[in-house]
Amino acid sequence: MWRTKDGGKSWQPLTDNLPSLAVGALAMSPQDPSVLLLGTGEANFSGDSYYGAGVFKSTDGGDNWVQIGDLPTRARISRIVFNPNNTKTIYLTTTSAASNQLRDIGVFKSTDSGISWKKTLDGIATDISIDTSNPDNLLAAIGDPNGTSLNGVYSTNNGGNSWQLISLLPSGNAVGRIEIARSLAAGNEVFVSVANAFTGTLLNVYKTINGGESWKIIKTPDYCRPQCFYNNFIAVHPKDPKLVFLGGVPLLRSTDGGETYSNISISQDLGPGLHADQHDIAFDPNDSDTIYIANDGGVSRSRDLGDHWRPLNQGLATLQFQSIASHPTDKEIAIGGTQDNGTLLYQGKPEWLNIDSGDGGESAIDITSPTTFYHFFFQLLFARSDDGGERFFVKTTGLPVTSSGAALERTLFYVPLVLDRSQASTLYTGAMRVYRTTNRGETWTAISSDLTRGNGAVSAIAIAASNSQILYVGTSDGNVARTTDGGATWQLITNGLPNRFVSGFAINEKNPQVAYISFSGFGTGHIFKTENGGMTWVNISNNLPDIPINAIVLDPAIGERIYLASDIGVFISSNDGKSWQALNTGLPNVAVFDLDLNRQTGMLMAATHGRGVYSLALDGQDDQVNPKVNVLAPQGNESFNAGDLVTISWEASDDIEVVLQEINLSIDSGITYTVPVAQALSGQSRSFNWIVPEVATTRGRIQVTSRDGAGNIGKGAISRDFTIIAPFRPIVAAVQFKPEAGKLIIFGNNFFANDSVIEINGQTITTKYPKKFQLPNGTLSRLQSTDNLLKQLLISGKKVTVAIFNKATGLRSKAFDYVP
């Protein structure tokens, strides 16, 4: 998730360290714009749509996030809506979960601000719409793009306690993805877009003007063409019900309530138009003529309802790279393929140059003629440039494709491309068979039969550097084969391997009998090693988390060093897989699809799914020396008051360079350092002006942590305690009322037994002090009350103000607004 505070001139990433960066839904509380709910997991059904990690909540406009709720594992969330009258009630829809079982997929409801969820409707739920004038009335879309008997539009008039299929609208196996748009200005007007499950095209758009008593077909162009499963939205302008927008491949606009449409993807002044594949729209609440569009190319804005467009992608690093290939000797040059944003050229600047259009798949740079670039678009559409990317020419002779580029045998959307480094004119790719060219793509020849189990396609190819007659090949359905005679004969080598998507190989530079294989998916091992050419394999996943591995590379200079690209960043092993550790300093918690290790340039490059490309100097990885840190001030024995400005100063040095630093406070004489003082300080910082917090202690110490580019860590701390004099101001973090038990629970900090009291709307109520929530410093983290006044004070749907008053110090917490 990104945020702009200047209308899109600049952007700030806010969720780089969340467990999932894939976002399917975002909702803002209608009562408090600083309260946001983020639904993770991409719900647009493409092959590279990523699973999620649940719902995250921010109460400060996105600066900080907390995971909430108990949704099924790896759910993909397609929509979140608040009840506008009672924001504790929230609905969301999901399209999949880890189990792939119906019990874990559908429409969910929470009545406690997302703390717990209850499923109220089964099916792959693509959308939900709430009637803001009567929030108990909702419409939900069950829209499995492949069609199921459950597909259709459902209505409820009791807040989701029960649902009824709307029989006047299409339903069943022939129906695909469904989207809903409700007019805020004319609440009884609703539009429904329905896809054809068999063709992926538009079936029809339907409209009601009487709240669903009757529906009519609106004659509409097929705006989402054969990919209505992927890019499809419908929206009504919040102030003008005659303005209707349909987002598919292009963006259509109607000014007469959906009767006629025009394509507004191209600016009327022939300036920058919209990128293809529209996904969402937002209306500026302060300017009814301004709209924002999100599509495969980023974000665009129009100030005249779509007549003219301006891209707003400066600094918005969201490209989904499929591949990265470095120049053999120049670290300032690389090319990479991106999803629907072409093949791009890096020339040492943050801005990459688009050198070919469409989908960019695997890419390579010729090692003997580095102005020769290769790349695939999608499937088997191969292209070559002989002039450094100025011009590309499609080369498919011998590949199983039609004149229009459609594959004639099973193939992945993004096929592998491997360059033989001992014979630079030789390249390999795969469909269900392996294909080779020995003349830089002019002609291709199949060198194998079908190597799959019958349903998949070739997904990984590796060539031995010491003997190019030896190839290892893996498929998407779990087959693994090896040839030692350049493809004349093949041998299956699956003994001991899982039956999953093969994502990569790495072969020992000197001994081709030693090789490593990586697997995508979940459940069993992800990295295996063979020392006998694949006759047997050993699982070396060891302490790796159970997450898909997308690529693997060996460091030729350091034999036991292995790098992995995973769904949560990069991992490294320096002992041949005996143990693994994350290598994510400076890298968001993002899926990495490809790695390029180049010892000639000394760089490791990582192609990410949604956060661009990152690079790391290999020299830093050879570094095993920790930085040295010495804290100069404070020195200990001082006494500070809360609110004092204190300068913390230190020395830090490293054999290469300190790149990142942080400062933390201990209140237990250095046993733990749990109170953050400063995070993400630059490597050059040597002092920090600290405002002493309200943390009373006589055992305070400061610790400075410095990191270098290799991830080595050095720490320095003072050896004597200082004192912080501060009153314990109570803090209310959350409130929960259980009306059936008549119990009120206050969550927070700095509560004292027999002293702190609960106040509701300024009225003190009887307070209890549960001992099991007493912290080591003597304070409590919870207070409770069963006062008989609670049922009078806490009325469902009526906001109250809750505060905690500490009688001994006379300090009162900040007021906390709560709606029972």
Q. Name the pairs whose Cβ atoms lie under 6 Å apart, with the first residue in the stretch 423-439 and closer than 18 Å to ALA460 by Cβ, the second of a type in the set (S, T, N, Q), and 6 or more positions between them or separate chains?
A. THR426/THR438; LEU427/THR437; ALA431/THR411; MET432/THR452; ARG433/SER448; VAL434/SER448; TYR435/THR429; ARG436/THR445
Q) Out of all the residues in the stretch 449-456, is one or more part of a strand (DSSP E or B) and either crowded, with 17+ Cβ neighbours inside 10 Å or hydroxyl-bearing (Ser, Thr, Tyr) (or both)? A) no
Q | Those residues of the stretch 602-650 which are over 32 Å from the mean Cα position of the chain (by Cα), part of a strand (DSSP E or B) and free of Cβ contacts under 8 Å to residues at least 60 places away in the same chain, in sequence order | A | LEU632, ALA633, LEU645, VAL646, THR647, ILE648, SER649
Q) Among the residues of the stretch 272-291, is any farther than 24 Å from PHE373 by Cβ, in contact with an Asp or Glu (Cβ under 8 Å, 6 or more places away or on another chain) and assigned to a strand (DSSP E or B)? A) yes
Q: Would you confirm whether any residue within the stretch 297-316 is farther than 30 Å from LYS242 by Cα, buried (at least 17 other Cβ atoms within 10 Å of the Cβ) and either without any contact (Cβ under 8 Å) to a residue 12 or more places away in the chain or among the aliphatic types (A, V, I, L, M) (or both)?
A: yes
Q: Would you check if there is a residue in the stretch 753-772 being small (Gly, Ala, Ser) and assigned to a strand (DSSP E or B)?
A: yes
Q) Applying the selection to the stretch 337-381, what residues are crowded, with 21+ Cβ neighbours inside 10 Å, aromatic (Phe, Trp, Tyr), touching a Phe, Trp or Tyr at 6+ places or on another chain (Cβ under 6 Å) and assigned to a loop (DSSP other than H, G, I, E, B)? A) TRP352
Q) Which is under 26 Å from VAL735 (Cα atoms) and of a type in the set (Asp, Glu), of ASP144, ASP131, ASP122, ASP136? A) ASP136
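Determine whether the stretch 466-477 contains at least one residue that is part of a loop (DSSP other than H, G, I, E, B), surrounded by fewer than 22 Cβ atoms within 10 Å (Cβ to Cβ), hydroxyl-bearing (Ser, Thr, Tyr) and in the same structural domain as GLN581 (by TED's automatic domain parsing).
First pass over the stretch 466-477, keeping only residues part of a loop (DSSP other than H, G, I, E, B): 466-470, 476-477.
Right, trim to surrounded by fewer than 22 Cβ atoms within 10 Å (Cβ to Cβ) and you get 466-470, 477.
Next cut, hydroxyl-bearing (Ser, Thr, Tyr) only: 466, 468.
Still in the list and also in the same structural domain as GLN581 (by TED's automatic domain parsing): 466, 468.
Within the stretch 466-477, one or more residues are part of a loop (DSSP other than H, G, I, E, B), surrounded by fewer than 22 Cβ atoms within 10 Å (Cβ to Cβ), hydroxyl-bearing (Ser, Thr, Tyr) and in the same structural domain as GLN581 (by TED's automatic domain parsing).
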Q) Out of the residues in the stretch 118-144 that are free of Cβ contacts under 8 Å to residues at least 24 places away in the same chain and either in the same structural domain as LEU71 (by TED's automatic domain parsing) or within 27 Å of the chain's Cα centre (by Cα) (or both), which is farthest from ASN232 (Cα to Cα)? A) LYS118
Q | Hey, GLY176 buried (at least 20 other Cβ atoms within 10 Å of the Cβ) and at pLDDT 95 or above or not | A | yes
Q: Just need a number here: residues in the stretch 36-77 that are farther than 17 Å from ILE128 by Cβ, assigned to a loop (DSSP other than H, G, I, E, B) and of a type in the set (A, V, I, L, M).
A: 1
Q: Evaluate the stretch 528-535: report whether one residue or more is of a type outside the set (Lys, Arg), assigned by TED's automatic domain parsing to the domain that holds PRO556 and touching a Gly at 6+ places or on another chain (Cβ under 6 Å).
A: no
(Q) Restricting to the stretch 220-253, name every residue that is among the basic types (Lys, Arg), more than 20 Å from ILE266 (Cβ to Cβ) and in contact (Cβ under 8 Å) with a residue 40 or more places away in the chain. (A) LYS239
Q: For the stretch 83-111, name all the residues that are over 23 Å from the mean Cα position of the chain (by Cα) and either surrounded by 17 or more Cβ atoms within 10 Å (Cβ to Cβ) or at pLDDT 95 or above (or both).
A: ASN83, PRO84, ASN85, ASN86, THR87, LYS88, THR89, LYS109, SER110, THR111
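The values are calculated or read from the model by the stated rules, or taken from the named source; none is laboratory data. Note that the structure is predicted; figures quoted are calculated from it, not measured. Glycine also receives a Cβ, built like all others from the backbone with ideal geometry; neighbour counts cover every protein chain displayed.
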